[in-house]
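The structure appears below as structure tokens.
The numbers here are math on the coordinates, done by the rules we state, and not lab data. Because the structure is a prediction, the values reported are computed rather than measured. Methodologically, a virtual Cβ is constructed for each residue, glycine included, from the backbone with ideal geometry; neighbour enumeration extends over all protein chains shown.
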Amino acid sequence: MSEAGGSRPAAAGTKCGFIALAGAPNAGKSTLLNRFVGTKIAIVTPKVQTTRARMSGIAIRGDAQLIFTDTPGIFTPRRRLDRAMVKAAWAGIADSDRAVVVVDADRAAKAPGKMDPDTVEIVAGLRKVGRQAVLALNKIDLVKPQALLEVTRIHDETGVFERIFLISAATGDGVEDLMACLIEGLRPGPWHYPEDQLTDVPMRVMAAEVTREQAFLQLHQELPYSLTVETESWQERKDGGVRIDQVILVQRESQKGMVVGKGGARIKSIGAAARAELESLLDRKVHLFLHVKARADWMDRPEHFREIGLEFER
Ligand SMILES: Nc1nc2c(ncn2[C@@H]2O[C@H](COP(=O)(O)OP(=O)(O)OP(=O)(O)O)[C@@H](O)[C@H]2O)c(=O)[nH]1
Ligand SMILES: [Mg+2]
């Protein structure tokens, strides 16, 4: 699934381009990616810093193939994992043909007169490298139209946004107008991926993400940020089903109990929801086995960074 391979010659009138989705944590980048692709490939939760690595979602409209890279939210990083996440986000922008900055318009409307600090940082970063971006003011389903005027003005004044779109990634409002603008800017060229490929994420990583999403949704405080999920084995079964074994790694022994819950209730509930989602994703029977382990250093293991496609910095 992660293999790239051109499939149509440029002569056929095809267009192709790489578009980065950037923005503050929780702005709605992953929701927008899923909307563009038409299938859920990136996990989405109400919590900040859900996305940890860079991943691509591939959308096709007519002769155009658009490869969107979802990036971790850009924020002021503290931990090594955070630094790698923010670095991956900037690399995603640098490698793209075009960047879309996603801003939570609801959050922006609640602080009139100024941009949020993360977006200020992104604007400064764009200026530094002399790039323009398309602005997507998202979550307009939550904002009164009058408030949007001021939000639009403040962002427009920065001069780094070539176009501004008002959208709701959740309802789809305005998303195809944004898409049309992106298609217009594409250069002629062969498609980069086969037309049935929707993402560059290997299936075992995607399966781990599905479980991590449930852990994010069902666990609270620092716990979601202290854990990761890895797929340890993937066995095809004769009956057409698949057995997936995954490990939820936490940092301290004391956190294991919180993930497992009373009488195993929490892990059962995480497993049941993840299995249901995996079955609909894979369209077959899934036997999911979750194990919880404490490994103090998971966040600082180079292999973990590699597994999710992040760069490890000493
Ligand atoms: N009402 C509303 N909610 C939205 C919209 N877009 C996203 N959300 C919600 O906002 C929250 C964050 O969405 P994500 O797509 O995970 O945001 P993100 O930018 O990928 O966040 P990180 O990965 O943490 O950087 C989720 O609860 C979404 O359901 C929208 O257009 N309207
Ligand atoms: Mg995300």
In deg cm²/dmol, rounded to 500, what helix-only [θ] at 222 nm does the chain give when every DSSP H run of at least 4 residues adds -39500 (n - 2.57) and the total is split over its residues? -11000 deg cm²/dmol
GLU313-ASP173 FRET efficiency (beta carbon distance; Förster radius 35 Å; 0.05 resolution): 0.30
Taking amide H positions as placed in the peptide plane 1.01 Å from N, state which residues far from ALA64 in sequence (5 or more) or on other chains have amide H under 5 Å from it. LYS15
Rounded, prolate or oblate: which one fits region 118-197, using the alpha carbon gyration tensor with axes a ≥ b ≥ c (rounded when a/c is under 1.5, else prolate when a/b beats b/c, else oblate)? oblate
Assigning unit charges at the beta carbon (Lys, Arg +1; Asp, Glu -1) and nothing else, what dipole magnitude in debye, to the nearest 20, does the chain show about its Cα centre? 820 debye
So, with points 7 Å from each Cα along the Cβ direction, the ASP97-ALA111 label distance in nm works out to 3.4 nm
In degrees, nearest ten, helix 265-282 long axis to first principal axis of the chain (Cα): 60 degrees
Is region 10-188 rounded, prolate or oblate when judged by the Cα gyration tensor, a ≥ b ≥ c being the square roots of its eigenvalues, rounded requiring a/c under 1.5 and prolate requiring a/b larger than b/c? rounded
For region 209-271 and region 60-84, what is the separation of their Cα centres, given in Å? 24 Å
If packing is taken as the average count of other Cβ atoms within 10 Å, what order do 21-34, 177-190 fall into, highest mean first? 21-34, 177-190
With springs only between Cα atoms under 10 Å, which of ARG237, ARG275, ARG52 fluctuates most in a Gaussian network model of the chain? ARG237
Nearest-5 percent of antiparallel DSSP beta bridges in the chain? 35 percent
Of PHE305, MET115, ILE167, which is farthest towards the positive pole of the chain's charge dipole, taken about the Cα centre with +1 and -1 on the beta-carbons of Lys, Arg and Asp, Glu respectively? PHE305
Principal-axis tilt of helix 175-184 within the chain, Cα atoms, nearest 10 degrees: 70 degrees
Give me the distance in nm between label points sitting 7 Å out from Cα along the Cα-to-Cβ direction at ARG153 and ARG187, one decimal. 3.9 nm
Partner lysines whose C-alpha sits under 18 Å from that of LYS256, ignoring same-chain residues fewer than 8 away, are LYS268, LYS293
May I ask what percent, to the nearest 5, of DSSP beta bridges between residues of region 10-188 are antiparallel? 30 percent
Compute the long axis of helix 203-218 from its Cα atoms, compare it with the longest principal axis of the Cα atoms of the chain, and write down the angle in degrees, 0 to 90, nearest 10. 90 degrees
In a shell of Cβ-Cβ distance under 14 Å around ARG54, excluding ARG54 itself, what net charge do Lys and Arg (+1) and Asp and Glu (-1) give? -2
